[in-house]
1. When only C-alpha pairs under 8 Å and at least 6 residues apart count, what is the relative contact order of the range B:1-77, in percent?
2. When DSSP assigns beta bridges and you keep just the ones with both residues in chain A, what percent turn out antiparallel, to the nearest 5?
3. Two-decimal Rg/Rh of chain B from alpha-carbon positions, Kirkwood Rh?
4. Which of the three applies to the range B:246-376, rounded, prolate or oblate, going by the alpha-carbon gyration tensor with a ≥ b ≥ c and a/c under 1.5 meaning rounded?
5. Got the relative contact order for the range B:42-191 handy, in percent, Cα pairs under 8 Å and 6 or more residues apart?
6. Trypsin sites (Lys or Arg not before Pro), restricted to the range B:442-490: which are DSSP loop and have at most 16 other Cβ atoms within 10 Å?
7. Which distance in Å, rounded to a whole number, links the C-alpha centroids of the range B:102-164 and the range B:503-541?
8. Within a Cβ distance under 14 Å of B:Leu55, other residues only, what is the Lys/Arg minus Asp/Glu net charge?
Amino acid sequence: MPKHELILLKNMMQPGYTGSLQDYERAGGYQALRKVVGKAQPAEVTAMVMKSGLRGRGGAGFPTGVKWGFLPKGYVGPRYLCCNADESEPGTFKDRQLIERDPHQILEGILLACYAIGAETAYIYIRGEFVLGAKILEQAIAEARTAGYIGANILGAGITANVWVHRGAGAYICGEETALLESLEGKRGLPRVKPPFPATHGLYNKPTVVNNVETLANLPHIVGRGPEWFASIGSPPKSTGTRVFCVSGHVKRPGNYEVPMGVTFRELIYEQAGGLRSDKLLKAFIPGGASAPFLTPNHLDVKLDFESVAAAGSMLGSGGVTVMEEGTDMVWAALRLMEFFYHESCGKCSPCREGSSWLVQTMRRIVAKRGRMEDLETLVDLCKNIEGRTVCAFGDASVAPIMSTLKYWRPEYVALIQEAEAANLIKLEPAGARH
Amino acid sequence: MATTTETVRLTIDGVPISVPKGTLVIEAARRVGVMIPHFCYHPKLKPDANCRMCLVEVERMPKLQTSCSTVATEGMAVRTATTVVHDAHKSVLEFILANHPLDCPVCDQGGKCDLQDFSHQYTATSRFEETKRIFQKEYFSPLIETQMNRCVQCLRCVRYCDEVMDVKALAPIGRGTMTEIKSFGAHPLDCEFCGGCVQICPVGAIVSRLSMYEYRPWMLKRADTVCSFCGDGCQITVQTKDQELIEVNSAQGAGRNSGDLCARGFFGFRAASHPDRVTQPLIRRNGVLVGATWEEALEYVAERTKRLKQAHGPQAFGGLISGRCTNEELYLFQKFMRVTIGTNNLDSSARYGHVNGVEAMRVVQGTHRWTVTFEDIVQADVLLLVGTNITETNPITGLKVKEAVKKQGAALLTIEAIQPAIGAISNISNLSEQHVCVAPSQFGAAVLGLLKAVVEGNHIDSTVRQQGEDYVAAISQAVQKLAWEDLALSTGVSRESFVQMAASLAKGRRVVVLAGQILLRSQGGYGICLNLLDLLLLTGKLTARGCGFAPLAEENNDQGAVEMGAVAAMLPGALEITDQDARARMSRAWKEELPLATGATLVEMIDRAQAGIIKGLFIVGENPVGSLPPQIGTREALGKLDLLVCQELFLTETAALAHVVFPAASAVEKDGTFTNAEGHVQAVRSAINPVGDSRPDWEILSALSVFMGVPLEYGDAKEILKEIRAVIPGYGSLGPLPIPPAVDAAAVGRYMSEGYRRDLATRYVLPERAVRSEGTVQLGLAQTLFHSGKLSTHSKGLLQIEPGGFLQMNPLDAARYAIGTGDRVRLSNSMGEFTTTAKVLDRVPEGLAWLPDHFAQNALQLFDCAVDPDTKVPCYRTASVSVMKTT
Amino acid sequence: MLIEKYKQEIDSILSRYPVKRSALIPLLYLAQRDEGFISEPAMKEIAGLLRLTPPQVYETATFYTMLNLKPVGKFHLQVCKSLMCALAGSDTVIGWVKTKLGIRPGETTADGLFTLTAVECLAACGTAPMMQVNEDYYERLTEETFDRILADLKKDGTCSLKTGPFMWPEAPKAQ
Ligand SMILES: Cc1cc2nc3c(=O)[nH]c(=O)nc-3n(C[C@H](O)[C@H](O)[C@H](O)COP(=O)(O)O)c2cc1C
Ligand code: SF4
Ligand code: FES
């Protein structure tokens, strides 16, 4: 049993809670929306969110209130809210749970955000594989519409808010906010060049906010219980609130754990998730989804907040914590992730497109014991040449596994290569060298 | 351009420069002579920043920035020459080279390849030793092939096809490194074949099959000249190896077309090298044309002419010239007819329709040219297109319209006989804000509807109202007589649509009205042009800056034909032949009296030949037998002649009847000038020597005049141009931009006080409503994108796209007659019948069917011909025919 | 023609978006539901409905892994092979498929019942190994449950072991 107060998972932890409108309302749902719609100015809602210190849960951790504040003031014409439910970052499975178990919590968050930013239409961009999640959301929307929370003239306040579910169709990159917008426009999910940012030129070139599911799910609580309350949780001032961490890999009790930001990895892995599967030693862990550089047992006491993890050389990212026990082949692990990035590179930027295919092939060679020592230099070079040279953050992410495993477990690479060299001692002279 | 632009100052590698706000760093750098390497950037396209090649350092920005997508800002300091930047460029190249096949030895782009050049510049190689991805080479079409292994995925082709052409035929398929450029599934490319993708590809991934493996770029000789397929007047570079035509392209930004071309320009160049070219003079002996020497042929013609002239006088002669000839030839031709022969019986192919637009401009605004340019089209905020089907007839003017709409946000209003349907060929009505689909026979009615809405909506300019009280009253009265119900019946368009269109038009600040060939060549075309000018005048747009009327020319030098005086009633400078001052000036220049008798126009000459009045005809590059409907009796009339002389590239239907055929040089074999539809005079330069024994038309005319004893001698085309400039002061600036004339206020004054009265009663009535009987469609003759007149039917490339005639039909009609694409159909009416192949297209409006006139000789019998009483333009564009599926 | 069969559904999809093209992926899904894959005639029809060219439809359709341009088996087994599942033995699952059904990733059984695809992370890392069969998730796979799933699918077309609304660790049971 968790020793912290649960916020987002609280309802669903109640025995018998079904996530229906009735259950949600009984648990106090939609009170926050009722509190503000037609009663508070939209700007006041934004101010509350700003004050709460809420930062995006999608990966980048950008302050939500500040993002909303970028929308052009006094703009007439449509604005949009997009709920990013594309959850595809390997190691991450929290949004799925939030969607399937407590959809109204998200809808209320969406409606609050719509109200704050003046959007009459919100799209929930949900990854295509979440068929069940999409159905549950559709049903929740229908319920909320009947109850007057969604539609024209919500809560009789003369305000329109429509929410539609839009399914993706299998492309990790569509979680990147501008790729998401392209995809939502019926195009290939290629990230856009920024600036301009979605806040001014988003969906259909109109001012748009993209927020993660978990980010939005926090809103009813912030508005309902006050920003000060929220700001006191976690590790203020920079990382407030709780986060739902997804623990996977070699642990006894993998799963989603909501804890205040600032607890340590040790606490999360050993207390919440029950420690390592077969009580082996911890070898490595990924702190924030596949895009976050690997960390080592030396980092177990790092705090789970944005700044601390960054200081440790990685990132809190999506909150997906993957644990690897002693004996895990780190080169293989890096290759697995590299295969993912190769498969998912959208192909827009040359360094990412060509680099991912190059890296994956070289890694496959090393793992297959056909590597050469020079390969290691090449790997590092290629990674450096991809990093910071692409349109979106995917490029940076894609090199994290190789860069970090090379940093901490280089001997494993070397060993594989030495084995390869030993097995292949006869070197062919190049044809031109024979006289 | 007087658009006041703010500027920003920045430094590039320490060099200060000030550029207009909004300029991209890559462009700012170019201005100080720094070429930042790039693949995906192209000035015509929106930045996509996908290749990542153009990275630069920008002070106070942590990461390298793509200069192609970064806008220069005040105080920005950009560095392009640091080690960091250099290494970044080299590394991006290394990535791009990774999967590249390095097959430069067999690549057509070798020697003009960005990837090759940058690799050389950076001595870049790739350490890549893994397996390269392999794509199959695709025969994209008979004309274009893709080698996707060479592709750098900059998407310039795809973006061009969408952003510039609005065709959207190319698509990146798949994801990641396996992305390749395709069209649809395994289907061959079906598109406008503008060649843009071939031209814009920075490497050799998309190549023209017409010239594949034929050359290395440095072997080619280049000639910058002007395309001869339509009135847009695109600048092309003809590339040749020895005497062989290898390739045509157009440099980015070149000419009025700014480097863009259409299928005709890009793939049509092989017409000149067709084996059927007439390469030696021919004389008819015992009924057959046999080869002869120049000497013999010239002698023969001179001798016969002399005898005929002695017996019947100069009025027994007539002359006809093609609007494809150079200005120099057109000028010399009319001088030859007027001076050497002594008659005004002469005409040119401008008579087929262009004259309608020119005459209307002369009457209302006192100019024979557009008062606007392509730039005005691009900058217009409202564009009205009437009967243009612009994509197919004047594709590059069409691009200007697309640019205005897509990039500048202009409102497009269209009155066209097309349905907005998405197809392989762009459809201008898809970009319309307001589109009305009207049959060509009812264009006049639609324009009247618009005028009525302007009058009733009170959109009349106050100054015009004051200055032309009677004029405004007369027109108002005239339109009030028209009933909205009748207009709706004629056009199928509701009153509201006209009202909306009129409101948009009136709101516009820069309004350009384009009238296309379908209008100019349809019955009553002249009157409709006048009415369109009324529309501009009434709304106060005629004289406003950036506003004007722009009739589109079909043939590349129709405009030049008029300006050179190669039409019966005009002297060079488009001056009336009855204008005494002009006559006097001209006879001084020519040192010769001008003939007095009014000249006969095209159809009149044929009638006179029929009547035995005209006995000798000089035809230069024209083919009236093939072009005019048989009812006119051209073939019989020409058969009666005592002397028919043709200067031709091919043995056309007309040339086959000739007594003497002179082999003429094509446009790529001669020098001179063409004047495009907007009145811009451009240099034509020979790319190869005349094929066989052929000679430029001007040389032939000059030689004839010498043999006839009234010599018109010139050393070269330039000398003729010099004379043209003497008689038409300042003719053709030959500069990069046309200088359009201003509306002549005096002429407008005359028109408003008096000129309008003459035919107001006839042009403000509704055209006859064709009652379409069961089982018939209205057949129209049209130009297609892939051909131009009949010349292009000799072009290998174009024939590969469109090898023959076909009937374009609406799906509903097709279904009605149980016809599918590819079926044979018989068209018939009381005048004859014709069998062809059907093609079902969504863009064709119900009840209409189009037949490309390039292949329609045998269908001409179905058409009646009406000659415009004012402009003498023969009109035979629509016919009512029964349709039947046949085998 | 889709429009005749699904007029209402198509209208309802179109009504959600101010710009038609946004309906593209939903309509491609519709086409896939109808025929089991996205055929050329369907793409052409959708292009017509959305005023796009067929290549514009094609480029979008080929970008997304869930859109099949070729027919797949009646049951599309998609086994996650990303690192997190691999740590929990997803390679073994792929091995089971091979021994039990005789197909490798990318292949379809001769009877057309099963197609195997090895896919990337499906957001079930805490309940690995897992696979998705058509629309349903099956998690915490063991050889025993795997066998049952195959048997049930063959027999009933579905299997009760599929995951319901997801939560892991599970909530405490009601007393
Ligand atoms: C490659 C890539 C994939 C991403 N995937 C997701 C995702 O699946 N879900 C998500 O919410 N954010 C994802 N993001 C982050 C989004 O771009 C964006 O920052 C986020 O949706 C903003 O919401 P937030 O401010 O609420 O976090 C991804 C970013 C990148 C670069
Ligand atoms: S970094 Fe990779 S995923 Fe991101 S836009 Fe570029 S190519 Fe696409
Ligand atoms: S030219 Fe700038 S990224 Fe390609």
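The values are calculated or read from the model by the stated rules, or taken from the named source; none is laboratory data. Predicted model only: the values in this text are computed from it and were never measured. Cβ atoms come from the backbone with ideal geometry, glycine included; neighbour counts cover every protein chain shown. When the accessible area is computed, the model is the full protein with side chains, heavy atoms only, and any ligands, DNA or RNA have been set aside. Shrake-Rupley method; radii C 1.70, N 1.55, O 1.52, S 1.80 Å.
1. Values: 123 pairs, mean separation 27.3, N = 77.
Taking the mean separation of contacting Cα pairs over the length of the range B:1-77, I get 35 percent.
2. Details: 17 of 38 bridges.
Of all bridge pairs located within chain A, approximately 45 percent are antiparallel.
3. On the way: Rg = 28.4 Å, Rh = 29.0 Å.
Computed over Cα atoms, the ratio is 0.98.
4. In terms of gyration-tensor shape, oblate.
5. Numbers: 175 pairs, mean separation 27.7, N = 150.
18 percent.
6. On the way: sites: B:Lys452, B:Arg465, B:Lys481; in loops: B:Lys481.
Sites meeting the loop and neighbour criteria: B:Lys481.
7. Going from one Cα centre to the other spans 47 Å.
8. Values: positive: A:Lys384, A:Arg389, B:Arg52, B:Lys63, B:Arg79, B:Lys90; negative: A:Glu387, B:Glu57, B:Asp87, B:Glu94.
Neighbour charge sum, excluding B:Leu55 itself: +2.
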